[in-house]
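The values are calculated or read from the model by the stated rules, or taken from the named source; none is laboratory data. All values derive from a computational prediction rather than experimental measurement. Every residue, glycine among them, receives a Cβ derived from its backbone with ideal geometry; neighbour counts consider all protein chains shown. The protein model used for the area step is the full one, side chains on, heavy atoms only, and it has no ligands, DNA or RNA in it. Shrake-Rupley method; radii C 1.70, N 1.55, O 1.52, S 1.80 Å.
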Amino acid sequence: ELVRQLGFKVYLDSHFNVFNRITRNMLFNYAERITLSPELHISQIARISGGAQGEIELISHGPITLMLSEYCPTSNILNHYDKSSCKHNCEKNKFFLQDHNDLLYPITCDETSNIHIMSSNDICLIEYMPKLRNLGVDIFRIISHFYSPKVTAELIKLYKQSLSINNDDIKNKEVLTSLKEKILKISNRKCSDGRLMTGVE
(Lines give C-alpha, C1' and ligand atoms only; values in the text may rest on other atoms or scores of the structure.)
Protein backbone atom coordinates (compact mmCIF):
# COMPACT_ATOMS: atom_id res chain seq x y z
CA GLU A 1 0.00 0.00 0.00
CA LEU A 2 2.86 2.37 0.84
CA VAL A 3 4.54 1.67 -2.51
CA ARG A 4 1.31 2.52 -4.33
CA GLN A 5 0.92 5.74 -2.32
CA LEU A 6 4.42 6.72 -3.45
CA GLY A 7 3.21 6.45 -7.06
CA PHE A 8 5.05 3.29 -8.10
CA LYS A 9 3.62 0.32 -9.97
CA VAL A 10 3.71 -2.90 -7.98
CA TYR A 11 5.07 -6.09 -9.56
CA LEU A 12 5.19 -9.11 -7.23
CA ASP A 13 7.76 -11.89 -7.58
CA SER A 14 7.30 -15.63 -7.17
CA HIS A 15 8.25 -15.45 -3.47
CA PHE A 16 4.65 -14.43 -2.76
CA ASN A 17 3.85 -18.06 -3.68
CA VAL A 18 0.63 -17.44 -5.62
CA PHE A 19 -1.02 -20.85 -5.56
CA ASN A 20 -4.75 -20.12 -5.96
CA ARG A 21 -7.29 -17.54 -7.08
CA ILE A 22 -7.95 -16.29 -3.55
CA THR A 23 -4.33 -15.17 -3.24
CA ARG A 24 -4.38 -13.83 -6.81
CA ASN A 25 -7.47 -11.70 -6.17
CA MET A 26 -6.12 -10.33 -2.89
CA LEU A 27 -2.76 -9.37 -4.39
CA PHE A 28 -4.35 -7.70 -7.40
CA ASN A 29 -5.88 -5.19 -4.96
CA TYR A 30 -2.34 -3.81 -4.75
CA ALA A 31 -0.35 -5.04 -7.74
CA GLU A 32 -0.42 -4.61 -11.50
CA ARG A 33 1.48 -7.86 -12.05
CA ILE A 34 1.97 -11.05 -10.05
CA THR A 35 4.33 -13.96 -10.65
CA LEU A 36 2.92 -17.45 -10.21
CA SER A 37 4.56 -20.10 -8.05
CA PRO A 38 6.97 -22.25 -10.11
CA GLU A 39 5.47 -25.32 -8.38
CA LEU A 40 2.06 -25.04 -10.05
CA HIS A 41 0.62 -27.78 -12.26
CA ILE A 42 -0.49 -26.56 -15.68
CA SER A 43 -4.17 -27.08 -14.73
CA GLN A 44 -3.67 -24.80 -11.71
CA ILE A 45 -2.04 -22.18 -13.93
CA ALA A 46 -5.14 -22.31 -16.14
CA ARG A 47 -7.47 -21.72 -13.18
CA ILE A 48 -5.42 -18.85 -11.74
CA SER A 49 -4.64 -17.11 -15.04
CA GLY A 50 -8.21 -17.19 -16.39
CA GLY A 51 -10.09 -13.96 -15.70
CA ALA A 52 -7.17 -12.32 -13.92
CA GLN A 53 -7.57 -8.59 -13.18
CA GLY A 54 -3.92 -7.84 -13.97
CA GLU A 55 -0.84 -9.26 -15.65
CA ILE A 56 0.21 -12.85 -14.93
CA GLU A 57 3.93 -13.63 -15.07
CA LEU A 58 5.57 -17.06 -15.08
CA ILE A 59 9.21 -18.12 -14.83
CA SER A 60 9.67 -19.99 -18.10
CA HIS A 61 13.40 -20.66 -18.00
CA GLY A 62 16.25 -20.71 -15.52
CA PRO A 63 17.12 -21.71 -11.96
CA ILE A 64 14.85 -21.03 -9.00
CA THR A 65 15.78 -20.28 -5.41
CA LEU A 66 15.05 -23.36 -3.32
CA MET A 67 16.12 -21.82 -0.02
CA LEU A 68 16.93 -18.34 1.24
CA SER A 69 19.12 -18.25 4.34
CA GLU A 70 21.03 -15.85 6.56
CA TYR A 71 23.34 -18.74 7.44
CA CYS A 72 26.25 -19.00 5.01
CA PRO A 73 27.80 -22.46 4.62
CA THR A 74 30.74 -21.08 2.64
CA SER A 75 31.59 -18.59 5.41
CA ASN A 76 31.53 -21.43 7.91
CA ILE A 77 33.87 -23.57 5.81
CA LEU A 78 36.23 -20.69 5.08
CA ASN A 79 36.08 -19.42 8.69
CA HIS A 80 34.77 -16.03 7.57
CA TYR A 81 32.12 -15.10 10.10
CA ASP A 82 31.54 -11.56 8.88
CA LYS A 83 29.38 -12.14 5.81
CA SER A 84 29.92 -8.64 4.45
CA SER A 85 33.68 -9.21 4.25
CA CYS A 86 33.44 -12.62 2.57
CA LYS A 87 30.75 -11.76 0.01
CA HIS A 88 33.37 -11.48 -2.69
CA ASN A 89 34.15 -15.18 -2.31
CA CYS A 90 30.70 -16.08 -3.69
CA GLU A 91 31.11 -13.58 -6.51
CA LYS A 92 34.57 -14.78 -7.55
CA ASN A 93 34.25 -18.52 -6.89
CA LYS A 94 31.63 -21.18 -7.50
CA PHE A 95 30.23 -23.01 -4.49
CA PHE A 96 27.68 -25.82 -4.41
CA LEU A 97 25.83 -28.10 -2.04
CA GLN A 98 25.94 -31.73 -3.18
CA ASP A 99 23.21 -34.22 -2.30
CA HIS A 100 23.27 -38.03 -2.04
CA ASN A 101 22.45 -38.29 -5.78
CA ASP A 102 25.51 -36.15 -6.60
CA LEU A 103 23.32 -33.28 -7.78
CA LEU A 104 24.94 -29.87 -7.36
CA TYR A 105 22.97 -26.90 -5.99
CA PRO A 106 24.72 -23.57 -6.66
CA ILE A 107 25.17 -21.18 -3.74
CA THR A 108 24.83 -17.47 -4.56
CA CYS A 109 24.83 -14.34 -2.45
CA ASP A 110 22.56 -11.31 -2.93
CA GLU A 111 23.15 -7.61 -2.24
CA THR A 112 22.07 -8.01 1.41
CA SER A 113 24.51 -10.93 1.94
CA ASN A 114 21.69 -13.47 2.18
CA ILE A 115 22.43 -16.89 0.74
CA HIS A 116 20.39 -18.41 -2.08
CA ILE A 117 20.51 -22.16 -2.63
CA MET A 118 19.59 -22.57 -6.29
CA SER A 119 18.00 -25.52 -8.09
CA SER A 120 20.33 -28.09 -9.62
CA ASN A 121 18.39 -28.01 -12.91
CA ASP A 122 16.87 -25.13 -14.84
CA ILE A 123 13.17 -24.91 -15.55
CA CYS A 124 12.63 -25.07 -19.32
CA LEU A 125 9.03 -24.62 -20.48
CA ILE A 126 9.67 -23.87 -24.13
CA GLU A 127 7.61 -26.85 -25.31
CA TYR A 128 4.55 -25.48 -23.49
CA MET A 129 4.80 -21.80 -24.44
CA PRO A 130 1.88 -21.62 -26.92
CA LYS A 131 -0.40 -23.44 -24.47
CA LEU A 132 0.65 -21.28 -21.52
CA ARG A 133 0.08 -18.13 -23.54
CA ASN A 134 -3.40 -19.36 -24.51
CA LEU A 135 -4.15 -20.12 -20.84
CA GLY A 136 -3.66 -16.44 -20.00
CA VAL A 137 -0.01 -16.02 -19.03
CA ASP A 138 1.04 -12.52 -20.13
CA ILE A 139 4.73 -12.31 -19.22
CA PHE A 140 7.36 -15.03 -19.55
CA ARG A 141 10.59 -14.59 -17.62
CA ILE A 142 14.02 -16.01 -18.37
CA ILE A 143 16.39 -16.09 -15.38
CA SER A 144 19.92 -16.01 -16.76
CA HIS A 145 22.10 -16.14 -13.61
CA PHE A 146 24.32 -18.89 -15.00
CA TYR A 147 24.36 -17.92 -18.70
CA SER A 148 26.65 -15.66 -20.70
CA PRO A 149 25.14 -12.67 -22.57
CA LYS A 150 25.55 -14.60 -25.83
CA VAL A 151 23.64 -17.65 -24.56
CA THR A 152 20.98 -15.42 -22.96
CA ALA A 153 20.40 -13.66 -26.30
CA GLU A 154 20.01 -17.05 -27.99
CA LEU A 155 17.53 -18.19 -25.32
CA ILE A 156 15.42 -15.08 -25.89
CA LYS A 157 15.46 -15.74 -29.63
CA LEU A 158 14.35 -19.37 -29.19
CA TYR A 159 11.57 -18.45 -26.76
CA LYS A 160 10.31 -15.75 -29.14
CA GLN A 161 10.15 -18.42 -31.84
CA SER A 162 8.11 -20.67 -29.55
CA LEU A 163 5.59 -17.86 -28.96
CA SER A 164 5.07 -17.46 -32.70
CA ILE A 165 3.58 -20.96 -32.90
CA ASN A 166 -0.21 -20.83 -32.87
CA ASN A 167 -1.61 -24.32 -32.49
CA ASP A 168 -0.94 -27.81 -31.15
CA ASP A 169 -0.75 -29.91 -34.32
CA ILE A 170 1.94 -32.59 -34.67
CA LYS A 171 4.19 -30.50 -36.90
CA ASN A 172 4.30 -27.62 -34.41
CA LYS A 173 4.98 -29.98 -31.52
CA GLU A 174 8.00 -31.22 -33.45
CA VAL A 175 9.18 -27.61 -33.90
CA LEU A 176 8.86 -27.00 -30.14
CA THR A 177 10.81 -30.18 -29.41
CA SER A 178 13.57 -29.04 -31.76
CA LEU A 179 13.73 -25.67 -29.97
CA LYS A 180 14.24 -27.46 -26.67
CA GLU A 181 16.99 -29.58 -28.22
CA LYS A 182 18.74 -26.37 -29.28
CA ILE A 183 18.51 -25.06 -25.72
CA LEU A 184 20.04 -28.27 -24.36
CA LYS A 185 22.95 -27.87 -26.79
CA ILE A 186 23.79 -24.29 -25.80
CA SER A 187 23.09 -24.67 -22.07
CA ASN A 188 25.73 -25.76 -19.58
CA ARG A 189 22.96 -26.88 -17.20
CA LYS A 190 20.40 -29.67 -17.22
CA CYS A 191 16.80 -28.68 -17.87
CA SER A 192 13.38 -30.01 -16.89
CA ASP A 193 9.76 -28.86 -16.97
CA GLY A 194 9.83 -28.42 -13.20
CA ARG A 195 6.46 -29.14 -11.60
CA LEU A 196 4.41 -28.13 -14.64
CA MET A 197 3.14 -31.64 -15.40
CA THR A 198 3.39 -33.14 -11.91
CA GLY A 199 2.51 -30.37 -9.45
CA VAL A 200 3.15 -30.89 -5.75
CA GLU A 201 1.42 -33.30 -3.40
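At a glance:
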| item | result |
| --- | --- |
| Gyration tensor (alpha-carbon) shape descriptor, the chain, a/c threshold 1.5 | oblate |
| Accessible area, probe 1.4 Å, largest first, for residues Ile123, Ile186 | Ile186, Ile123 |
| Net charge of Cβ neighbours under 12 Å - reference Leu103; Lys, Arg +1; Asp, Glu -1 | 0 |
| Relative contact order %, the chain, counting alpha carbon pairs below 8 Å whose residues are six or more apart | 24 |
| Heavy-atom SASA rank of Ile165, Ile142 (probe 1.4 Å, accessible area, largest first) | Ile142, Ile165 |
| Accessible surface, the chain, averaged per residue in Å² (probe 1.4 Å) | 60 |
| Radius 14 Å from Cβ of Ile139, net charge of other residues (Lys, Arg +1; Asp, Glu -1) | 0 |
| Solvent-accessible ranking of Asp13, Asp122, largest area first, probe 1.4 Å | Asp13, Asp122 |
| Count, lysine Cα pairs under 19 Å in the stretch 115-201, 8 or more residues apart or across chains | 25 |
| Surrounding net charge for Ser37, when Lys and Arg each add one and Asp and Glu each subtract one, Cβ distance under 14 Å | +2 |
| Computed accessible area, Met67, all protein chains, 1.4 angstrom probe, square angstrom | 110 |
| With all protein chains modelled, accessible area of Leu78 [1.4 Å, Å²] | 70 |
| Solvent-accessible area, 1.4 Å probe, carbon plus sulfur percent, for the stretch 107-179 | 54 |
| Between 0 and 90°, nearest 10: helix 83-92 axis offset from the chain longest Cα axis | 60 |
| Helical contribution to [θ] at 222 nm, DSSP H n ≥ 4, -39,500 (n - 2.57), averaged over the chain, rounded to 500 | -10500 deg cm²/dmol |
